[in-house]
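**Q** Input: one structure, supplied below.
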Amino acid sequence: LVLKGDAHDWLEAGGTRQQLIELSDAALEATHDELELQPVALPLRALSLSQLLERPAASWCIDGVLPRACTAAIWGAPGSFKTFLALDMMLHIAHGREWNGRDVEQALVVYVAGEGVGGLRKRVAAWHSHYKLQVADAQFILIEEAVPLDGGGAEALVETVEALRDGRHVEAIVYDTLARCMTGDENSTADMSAAIRAVDQVRLNFEASSTILVHHQGKSEGKALRGSSALHGALDTSLQVRKHDTHAEVLQHKQKDAEELQPIWFEMRRVEFQVHCLDDISNSLVPALVPNAPIKGGASKLLESLDAALISWGRDDFAGVNGISCLLEEWREAADSVAACGGGTPDSQQKAWRRGLDQLQKSGAVALHAGRVRKVTA
């Protein structure tokens, strides 16, 4: 056996050419196996297309509304019920309760109350009273101060949550509001980008968690969040909340990996509660889903006149019409008798009639078929 030397020494010692080839092949195979067991570290994460397709499909914190592992904003004008909506969504997750018919899995929620916890006490108590649930059953951590959105603030939040989560999955981290947690100018692209990096730093510490930023809208009531456009670009989901008297309308302006939702309407219902038996009875608002937009102004009076028309001329024996109906002309006659379309000229009354009819149809309050109309009940 030759312990040291070249191919000539191997042959001189009595080894054969075939033996030398076999030894060489075995050495190469062993080296290849060793390399497979020790993958090379790459500076960037990379996937083949096969590995990409093996990834699980997108999942949801709230089915069809709030994706898992996303960055989302819930925003609107002051007093638009945006915090009520954010808290309602998070409490459903914390209890594992369906959110208005949409699937939810129970998991831990972290809520940064940047504007203080005074108002939240009443809202949380009213919510639990409304749904008849126990506060102790919620997986919820409330941070009762603003968290600076910089490297130090992110580290402090991660450390706090790690100490309290007890191994539970962190589903969502809410910053209410973004403005209270920002350390710079929200109109500065550089400062907003730094804040986004900080929330990402927190989110990436908790696998598959989502970030929800409660924020204000700009001067326009359109799709503009207040501050730098860098925020909108970083979002996967954007939900605007608009106040309509005692109702809230939720509009989705961005849904990165799914279809955008149709507008969702909530009635803000006043709920009484008593936390302790010695406390005074108090109250707060809780969002309750309603099927259609609220009926306002002249349309409300016009709908009342339909009741009178159905009493006078209603019939339930027309093919294709489900329930009691009357002719449109009969409804218009009833509307005119109570001035449901207002006063003024015949032209202005006709315009009021068309506006009211259009609103009632869009709201789903009435249905038309072959010149007949019926009232739609929930």
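**Q** To the nearest 20 debye, what is the magnitude of the charge dipole of the chain about its Cα centre, counting +1 on the Cβ of each Lys and Arg and -1 on the Cβ of each Asp and Glu?
**A** Values: 37 positive and 52 negative charges, 446 e Å.
Magnitude of the dipole: close to 2140 debye.
**Q** Can you tell me which of 89-96, 183-190 comes out highest on packing, and rank the rest after it, using the mean Cβ neighbours within 10 Å?
**A** Values: 89-96: 22.2, 183-190: 13.9.
Answer by packing, highest mean first, reads 89-96, 183-190.
**Q** If you don't mind, there's one more thing I want to ask. If each of Glu54 and Glu329 carries a label point 7 Å out from its Cα toward its Cβ, how far apart are those two points in nm?
**A** My value for the distance between the label points is 7.3 nm.
**Q** In whole Hz, with x marking every Gly and Pro, tabulate ³J(HN,Hα) for region 329-345 from phi via Karplus 6.51 cos²θ - 1.76 cosθ + 1.60, θ = phi - 60°.
**A** 5, 5, 5, 5, 5, 5, 5, 5, 5, 10, 6, 5, 9, x, x, x, 6
**Q** Further, regarding this structure: Given springs between every Cα pair under 10 Å in a Gaussian network model of the chain, which of Glu144, Glu54, Glu159 has the largest fluctuation?
**A** Glu54
**Q** Still on this structure: With the full set of protein chains in place, find how many percent of the accessible area of region 85-155 is carbon and sulfur; take the probe as 1.4 Å.
**A** Numbers: 1350 of 3150 Å².
Carbon-and-sulfur percentage of accessible area, whole number: 43.
**Q** Among the listed pairs Lys132/Lys256; Lys82/Lys362; Lys122/Lys243, give every one whose C-alpha distance is greater than 32 Å. Spell out each step's value before the answer.
**A** On the way: Lys132/Lys256 35 Å; Lys82/Lys362 25 Å; Lys122/Lys243 20 Å.
In this structure, Lys132/Lys256 exceed 32 Å between Cα atoms.
**Q** Starting from 0.36 nm per residue, how many nanometres of slack lie between Val135 and Asp336 once their C-alpha separation is accounted for? Write down the numbers at each step before the final one.
**A** On the way: separation 201, 0.36 × 201 = 72.36 nm, distance 5.35 nm.
Length gained, Val135 through Asp336: 67.0 nm.
**Q** Quick check for me: using +1 on Lys/Arg Cβ and -1 on Asp/Glu Cβ, what's the dipole size of region 249-362 about its Cα centre, in debye to the nearest 20? Don't skip to the end; give the middle numbers.
**A** Values: 12 positive and 18 negative charges, 74 e Å.
With Lys and Arg at +1 and Asp and Glu at -1, about 360 debye.
**Q** Order of 268-279, 347-358 by packing, highest average Cβ count within 10 Å first? Can you show the working numbers first?
**A** Numbers: 268-279: 12.5, 347-358: 15.6.
Most protected by this proxy first, the peptides run 347-358, 268-279.
**Q** Moving to a separate point now. Hey, what do the phi angles of region 74-80 turn into as Karplus ³J(HN,Hα) couplings, whole Hz, using 6.51/-1.76/1.60 and θ = phi - 60°, x for Gly and Pro?
**A** Couplings: 10, 9, x, 6, x, x, 8 Hz.
**Q** So, one more: Loop-only chymotrypsin sites (Phe, Trp or Tyr not before Pro) in region 138-242, please: DSSP not H, G, I, E or B, and at most 16 other Cβ atoms within 10 Å. Can you show the working numbers first?
**A** Numbers: sites: Phe140, Tyr175, Phe206; in loops: Phe206.
Taking region 138-242 and a limit of 16 other Cβ atoms within 10 Å, no loop chymotrypsin sites (Phe, Trp or Tyr not before Pro) are found.
**Q** When the Karplus curve 6.51 cos²θ - 1.76 cosθ + 1.60 is applied with θ = phi - 60°, which whole-Hz ³J(HN,Hα) does each residue of region 129-137 get, with x for Gly and Pro?
**A** 5, 4, 8, 6, 10, 8, 4, 5, 7
**Q** Right, something else. Please list, ordered by chain and number, the residues whose modelled amide H lies under 5 Å from the amide H of Ile212; skip anything fewer than 5 residues away on the same chain.
**A** Ala72, Ile173, Val174, Tyr175
**Q** Full extension from Glu207 to Thr377: what is 0.36 nm times the residue separation minus their Cα-Cα distance, to one decimal in nm? List each step's numbers first, then the result.
**A** On the way: separation 170, 0.36 × 170 = 61.20 nm, distance 4.50 nm.
Difference between extended and current length: 56.7 nm.
**Q** Compute the helix-to-body angle for 151-164: its Cα long axis versus the longest principal axis of the chain, expressed 0 to 90° and rounded to tens.
**A** 90
The values are calculated or read from the model by the stated rules, or taken from the named source; none is laboratory data. What you see is a predicted model; the values in this text were computed from it and never measured. Methodologically, a virtual Cβ is constructed for each residue, glycine included, from the backbone with ideal geometry; neighbour enumeration extends over all protein chains shown. With ligands, DNA and RNA removed, areas are computed over all heavy atoms of the protein, side chains included. Shrake-Rupley method; radii C 1.70, N 1.55, O 1.52, S 1.80 Å.
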